[in-house]
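Each value in this text was obtained by applying a stated rule to the coordinates, not by laboratory testing. Keep in mind that what you see is a predicted model, and the values were worked out from it rather than measured. When we count neighbours, we look across all protein chains shown, and the Cβ atoms used for this are built from the backbone with ideal geometry, even at glycine.
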There are 2 protein chains.
Amino acid sequence: MKPAAILETSRATIAEARAAIRSGRFTSHTSGLARDHVQGNVVILPQALADDFLRYCQRNPKPCPVLAVSEPGRPLLPTLGADIDIRTDVPRYRVWRRGELIDEPTDITAHWRTDLVTFVIGCSFSFEQALLDAGLSMRHIDQNRNVAMYRTNIETIAAGSFHGPMVVSMRPLRAAAAIRAIQVTSRFPDVHGAPVHLGDPSLIGIRDLALPDYGDPVDVMRDELPVFWACGVTPQAAIAQAKPDFCITHAPGAMLITDLLNHQLASF
Amino acid sequence: MKPAAILETSRATIAEARAAIRSGRFTSHTSGLARDHVQGNVVILPQALADDFLRYCQRNPKPCPVLAVSEPGRPLLPTLGADIDIRTDVPRYRVWRRGELIDEPTDITAHWRTDLVTFVIGCSFSFEQALLDAGLSMRHIDQNRNVAMYRTNIETIAAGSFHGPMVVSMRPLRAAAAIRAIQVTSRFPDVHGAPVHLGDPSLIGIRDLALPDYGDPVDVMRDELPVFWACGVTPQAAIAQAKPDFCITHAPGAMLITDLLNHQLASF
């Protein structure tokens with residue numbers, strides 16, 4: 001799951017990272033790339049569906065914290081970066097028709113339409129950086145795996161054709177670290193905020209932690225609690241079941257990197 | 001465990017409460033009395049021991065958050081209330097000689113000495129009020145019991161003759177309420193702050209939740225986590241084992257009520 005070593009990723013400036021992504025030289029996972037910067041999940045929908053989707057996000061802010069919404073047909077996101085062009089600035093995209101994956105390009109200029117609306121949704125990379133800065137280690141990072149994610153029995157609040165279960169990511173932590181992680185992530189409501197659950201997984205409909213629905217499993221030690229955060233896969237799952245006529249998303253892990261700094265999202 | 005119904009306790013003003021306590025009309029538990037006001041644990045020690053005790057508190061701020069320390073021999077605490085006289089303003093005291101209880105008066109004027117130093121230490125009543133204000137209920141309050149408290153295997157940091165295990169109070173909460181409770185109590189570092197543990201009690205040396213070392217047991221339901229906060233009984237236990245030549249404390253539950261409002265202690 002390591003990004004291709006085209007860039008010295010942990011040291012790349014935002015300008016270097018964006019230039020490498022825009023030119024198609026960097027087409028992989030963005031984890032650890034320009035690490036002080038906010039990264040976001042990307043969803044691009046025709047305007048006819050965008051209103052429903054925005055209401056869906058508004059009703060489910062923990063899994064779907066909206067960082068920015070574009071003007072219809074405009075590929076710019078000026079509040080996230082003066083020069084961002086969403087058609088070129090994501091390392092790899094997925095293009096969907098009626099729920100089916102039809103293309104995985106590194107540039108969507110050829111797919112662009114004048115009715116498309118871009119949503120950028122907060123991502124756990126920001127709060128993970130805050131957790132690391134607070135001295136907390138995370139097993140999936142130590143083991144160089146993707147975080148474990150699970151569908152729950154917590155239903156999101158529907159809007160139009162968008163609905164479905166909340167998806168959560170899980171990080172095992174000892175109790176004192178879990179308490180600290182709750183404090184740290186509470187400061188970041190725009191990137192999922194505080195956990196939604198900790199302890200017994202069955203209480204939120206998860207049968208077996210060893211069998212995540214997305215990502216990779218990690219061990220939970222006897223002196224640890226599994227801690228669950230609302231996850232940005234939730235809106236992707238809602239879109240997958242809604243099967244819109246047309247949709248573009250980022251490829252998993254290949255996020256939009258913005259000009260915003262993670263610490264700018266801290267609420268206090 | 002209900003306070004004697006001398007005052008309409010939940011409606012008494014701070015002036016009414018203090019006057020009733022000072023005159024000896026109110027001699028009982030202060031839980032719920034002048035409930036917007038900060039209450040404190042009281043420890044009065046000869047100056048020869050006070051320096052060690054202050055260092056003990058400084059090294060163990062979660063169980064021993066010091067709200068005020070008096071000048072030696074002065075019975076006043078101007079930062080907690082312009083007219084407080086510690087000799088009369090606690091409903092009931094305990095007077096100790098070499099660790100033995102020798103008196104339980106409602107006024108300590110006869111015991112006063114020119115070398116006594118008063119410590120007022122934050123108490124969980126303040127954060128419990130914040131939890132109630134946040135819409136969280138607590139079983140020991142619903143069941144009109146004292147909170148369950150336990151000695152742990154977490155050693156406090158010693159100073160002089162003061163040392164011993166951290167004592168914790170336990171409140172059972174469902175996961176979402178536990179997360180909210182961590183957020184709420186994190187705002188109140190001067191009254192024990194965030195929990196020190198949650199989940200498996202054996203990890204902090206508690207064998208059986210049904211057998212608290214102090215207070216009353218409460219049930220922990222299958223969908224709840226026991227949540228543990230550092231407790232103001234910790235310094236009392238440290239004093240009990242140090243067996244100072246002379247010491248005065250409040251009687252359990254009969255706290256000093258200050259002019260400070262609970263919300264004034266909130267850190268943000």
Q | Label geometry 7 Å along the beta-carbon vector: A:Ala158 inter-copy distances in nm | A | 6.6
Q) Counting partner chain Cβ atoms within 10 Å of every residue's Cβ in B:174-183, what's the average? A) 6
Q: Provide the per-residue ³J(HN,Hα) series for segment A:172-178, in order, calculated from phi with Karplus coefficients 6.51, -1.76, 1.60 and θ = phi - 60°, each as a whole number of Hz, with x at glycine and proline positions.
A: x, 9, 5, 3, 5, 5, 5
Q) What is the pair-distance distribution P(r) of segment A:175-216, computed from all Cα-Cα distances in 10 Å bins starting at 0, with each bin given as a whole percent? A) 25, 39, 36, 0
Q | Mean Cβ neighbour count within 10 Å, used as a protection proxy, ranking B:193-199, A:144-150 highest first | A | B:193-199, A:144-150
Q) Say a label goes 7 Å from Cα toward Cβ at B:Pro61 in every copy; what distances in nm does this one have to the rest, shortest first? A) 3.0
Q: Take every Cα pair under 8 Å in segment B:162-268 that's 6+ residues apart, average their separations, divide by the length, and report that relative contact order as a whole percent.
A: 42
**Q.** Average projection area in nm² (convex hull over Cα atoms of segment B:94-230, one quarter of hull surface)
**A.** 10.3
Q: Tell me, rounded to the nearest percent, the portion of alpha carbon pairs in segment B:1-150 spaced more than 26 Å apart.
A: 29
Q) Once Lys and Arg get +1 and Asp and Glu get -1 on their Cβ, which of B:Ile21, B:Leu256, B:Val147 lies farthest toward the positive end of the dipole of chain B? A) B:Val147
Q: Spit out the partnerless Cys residues in the protein assembly as shown, using Cβ distances under 4.7 Å as the pairing rule.
A: A:Cys123, A:Cys231, A:Cys247, B:Cys123, B:Cys231, B:Cys247
**Q.** Where trypsin sites (Lys or Arg not before Pro) fall in DSSP loop in segment B:35-137, at most 13 other Cβ within 10 Å
**A.** B:Arg98, B:Arg113
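How long are the semi-axes of the equivalent ellipsoid of chain A, taking √(5λ) for every eigenvalue λ of the Cα gyration tensor, in whole Å from largest down?
The answer is 28, 22, 17 Å, longest axis first.
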Q.
For chain A, what does the relative contact order come out to in percent, with C-alpha contacts under 8 Å and a separation of six or more?
A. 30
Q: Towards the positive end of the charge dipole of chain A, with charges on Cβ (+1 Lys, Arg; -1 Asp, Glu), say which of A:Gly232, A:Gly193, A:Ala181 has the farthest Cα.
A: A:Ala181
**Q.** Long-range HN-HN contacts of A:Ala68 with modeled amide H, under 5 Å
**A.** A:Val120
Q) Of the listed peptides B:203-211, A:166-174, B:234-242, B:151-159, what is their order by residue-averaged count of other C-beta atoms within 10 Å, with the highest listed first? A) A:166-174, B:234-242, B:151-159, B:203-211
**Q.** chain A, helix-only ellipticity at 222 nm - DSSP H runs n ≥ 4, -39,500 (n - 2.57), divided by all residues, nearest 500
**A.** -6500 deg cm²/dmol
Q: Report, by chain and number, residues whose modeled amide H sits under 5 Å from the one on B:Arg97, excluding near sequence neighbours (fewer than 5 apart, same chain).
A: B:Ile102
Q: Please list the non-local residues whose amide H lies under 5 Å from the amide H of A:His250, H modeled 1.01 Å from N, same-chain partners needing a gap of 5 or more.
A: A:Val42, A:Arg94
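Which value, in debye to the nearest 20, gives the size of the charge dipole of segment B:125-235 about its Cα centre, when Lys and Arg are +1 and Asp and Glu are -1 at the Cβ? Present the calculation step by step, with values, prior to reporting the outcome.
Values: 9 positive and 12 negative charges, 23 e Å.
Dipole magnitude for segment B:125-235 comes out near 120 debye.
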Q. Pick from A:Phe119, A:Phe246, A:Phe188: which residue has the top mean-square fluctuation in a GNM of chain A where Cα pairs under 10 Å get a spring?
A. A:Phe246
Q: Taking every pair of alpha-carbon atoms in the protein assembly as shown, give the share separated by more than 37 Å as a whole percent.
A: 42
Q: Rounded to the nearest Å, what's the spacing between the alpha carbon centres of segment B:181-209 and segment A:5-78? Just the number, please.
A: 38
(Q) Taking a point 7 Å out from Cα toward Cβ as the label site, list the nm distances between B:Thr114 and the same residue in every other copy, smallest first. (A) 9.4
Q. With θ set to phi - 60° and the Karplus curve 6.51 cos²θ - 1.76 cosθ + 1.60, what are the ³J(HN,Hα) couplings of segment B:116-125 in order, to the nearest whole Hz, using x for Gly and Pro?
A. 7, 10, 9, 10, 10, 10, x, 9, 5, 3
